[in-house]
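Engineer: This is the structure I want to talk about, given as structure tokens.
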Amino acid sequence: MPGTPDSGAHTTRPGNHWILYVVIAFFGGLLTFAGARDQQRATDDVTFRKLIDGYCAAWSSGDPNSAAKYYAKQDGLVFYDLAPFSYSGWKEYDAGVRKELLDQMQSGSLTAGKELKVTRHGNVAWTTVPMHFSAKMKDGKTIDTPVRYTGIWEKKGKTWVLVHEHLSAPLGG
């Protein structure tokens, strides 16, 4: 009949569209958040690769003064090294590594592997990476060993510095 509304036609109420908009906004926000997190992770990987490679080059120079810029200087920070065992604060680390290793070393090389893993939460990050240490000692002996490395970094201003690290060599390594 003309003028009679089609009883089979579907009508929508205008108030129901907001649910669709909320759902679209929610999923859009999730995609944006996931993309930003992936971008931050990629940036962190590049940043810490540069830091680790610079750290290795600094220690390979045989001069702790070159490595000093990578370390926080507060007293009481613990750094576990290959020898003797641990150091409390940068001053002790600097003096100890000179006496225990560098004064007896003719040349050395510390290199990081490709398997760098970075986990970051705000201004704190930790890195793990296999390394390799080789050295020629003044007494003619050589050192050639894989090294496991874990570093805890803290961002101070615009600079990341180590507040704890742990190096170890496998038994028999």
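The values are calculated or read from the model by the stated rules, or taken from the named source; none is laboratory data. What you see is a predicted model, and the numbers here were worked out from it, not measured in a lab. Using ideal geometry, Cβ is built from the backbone for each residue, glycine included, and neighbour counts are taken over all protein chains shown.
Engineer: Examine segment 73-83 for a residue that is at pLDDT 95 or above, β-branched (Val, Ile, Thr) and outside any strand (DSSP E or B), and state whether such a residue exists.
Structural biologist: The answer is no; no qualifying residue exists.
Engineer: Here are some conditions: (1) in contact with a Lys or Arg (Cβ under 8 Å, 6 or more places away or on another chain); (2) buried (at least 17 other Cβ atoms within 10 Å of the Cβ). Residue 104 meets all but one. Which one does it not meet?
Structural biologist: All conditions pass for residue 104, except number (2).
Engineer: Then there's this: Name the single residue, out of those in segment 141-160 being within 18 Å of residue 49 (Cβ to Cβ) and surrounded by fewer than 13 Cβ atoms within 10 Å (Cβ to Cβ), that is nearest to the chain's Cα centre (by Cα).
Structural biologist: Checking each candidate, the answer is 159.
Engineer: Among the residues of segment 96-106, is any closer than 22 Å to residue 126 by Cα, touching a strand residue (DSSP E or B) at 6+ places or on another chain (Cβ under 8 Å) and without any contact (Cβ under 8 Å) to a residue 60 or more places away in the chain? Before the answer, list the steps.
Structural biologist: Start the filter on segment 96-106 by keeping residues that are closer than 22 Å to residue 126 by Cα, which leaves none.
Scanning segment 96-106 turns up no residue that is closer than 22 Å to residue 126 by Cα, touching a strand residue (DSSP E or B) at 6+ places or on another chain (Cβ under 8 Å) and without any contact (Cβ under 8 Å) to a residue 60 or more places away in the chain.
Engineer: Okay, moving on. Look through 140, 172, 151 and report the one residue that is out of contact with any helix residue (DSSP H, G or I) (no Cβ under 7 Å at 6 or more places or on another chain), of a type outside the set (A, V, I, L, M) and within 18 Å of residue 114 (Cα to Cα).
Structural biologist: On the way: 140 fails: within 18 Å of residue 114 (Cα to Cα); 172 fails: within 18 Å of residue 114 (Cα to Cα).
The unique qualifying residue is 151.
Engineer: Looking at segment 95-140, which of the residues that are part of a strand (DSSP E or B) and among the β-branched types (Val, Ile, Thr) is nearest to residue 55 (Cα to Cα)?
Structural biologist: First, pick out the residues of segment 95-140 that are part of a strand (DSSP E or B): 105-112, 117-121, 124-137.
With among the β-branched types (Val, Ile, Thr) added as a condition, the list becomes 111, 118-119, 124, 127-129.
Details: 111: 9, 118: 15, 119: 18, 124: 18, 127: 12, 128: 13, 129: 12 Å.
Applying the filter and picking the extreme gives 111.
Engineer: Now, a different point. Return yes or no: is residue 46 without any contact (Cβ under 8 Å) to a residue 12 or more places away in the chain, farther than 17 Å from residue 163 by Cα and not in a loop (DSSP other than H, G, I, E, B)? Full working, then the answer.
Structural biologist: Details: without any contact (Cβ under 8 Å) to a residue 12 or more places away in the chain: yes; farther than 17 Å from residue 163 by Cα: yes; not in a loop (DSSP other than H, G, I, E, B): yes.
It is true that residue 46 is without any contact (Cβ under 8 Å) to a residue 12 or more places away in the chain, farther than 17 Å from residue 163 by Cα and not in a loop (DSSP other than H, G, I, E, B).
Engineer: Failed condition for residue 75, given (1) within 23 Å of the chain's Cα centre (by Cα); (2) surrounded by 14 or more Cβ atoms within 10 Å (Cβ to Cβ), with all others met?
Structural biologist: (2)
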